[in-house]
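My questions will all concern the structure given below.
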Amino acid sequence: MKTSILLITTFVTSFWVSGQSIFEQYADNDEVTLVSISPKMFKMLGQMSLSLDDPEAQEYLEMVTSINNFKVLVSSNQQISGDMLKWVNQQVLKQDLDELMSVKDKEADVTFYVKEGKKEDYVEQLLMYVNERVNSSSDTSNFNINGRQINAVLMLLEGNIDLNKISKLTDQMDLPGGNQLRKAQQKKSL
């Protein structure tokens, strides 16, 4: 009887953990930085009174109101980076995402996946994974956010996302991959 209860508990626990998103799984882990902005926050941002005479403010407002979900996970832990990559690969299959662009250079591998939107240059989902290539001779990271060394960055955006505008958001948040996202948008437009 005890064995049966233990097996059932183990099964249910493993099912629950595998059903969690990577963001939920590492939400309370001290080795990651998690940024999660809820749809309610984007709705509040859309209701802010910004000067409609300022084209840049208007463009920013249009951009944030088109996003329903924004999550970023950053870590310097190799195991967590591996879990992030595994989750990305599962999402690509599960959500039927298309690779928009992949950049591999001496500093990092950056890959963008998208779920096409209803209009050209728009996507319903944008998934970006950045995996730094750490120089084995120095074992130090080339990337940092607010002074914290990073090894991997995972970003998930959902909504009615204009690729022409989203690179500005990554630039403002100082996330690695902003330049590559601009190149990806240009590539998509060709």
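Nothing in this text is a laboratory measurement; each read-out follows from the coordinates by a stated rule. Please read these numbers as outputs of a predicted model, since none were measured by experiment. Positions of Cβ are backbone-derived with ideal geometry, glycine not excepted, and every protein chain shown enters the neighbour counts.
Run the reach check for Lys94 against aspartates and glutamates, Cα to Cα strictly under 20 Å, same-chain hits fewer than 8 apart removed. What comes back?
Glu24, Asp83, Glu116, Glu124, Glu158
Additional query: Which of Asp28, Asp54 has the fewest other C-beta atoms within 10 Å, and how do the rest follow up to the most?
If I rank by nearby Cβ atoms, fewest first, I get Asp28, Asp54.
Got a sec? How would Ile161, Ile80 order by Cβ neighbour count within 10 Å, fewest to most?
Neighbour counts put them in this order, fewest first: Ile80, Ile161.
Neighbour counts of other C-beta atoms within 10 Å: give me Ile37, Ile67 arranged from fewest to most.
The most exposed by this proxy come first: Ile37, Ile67.
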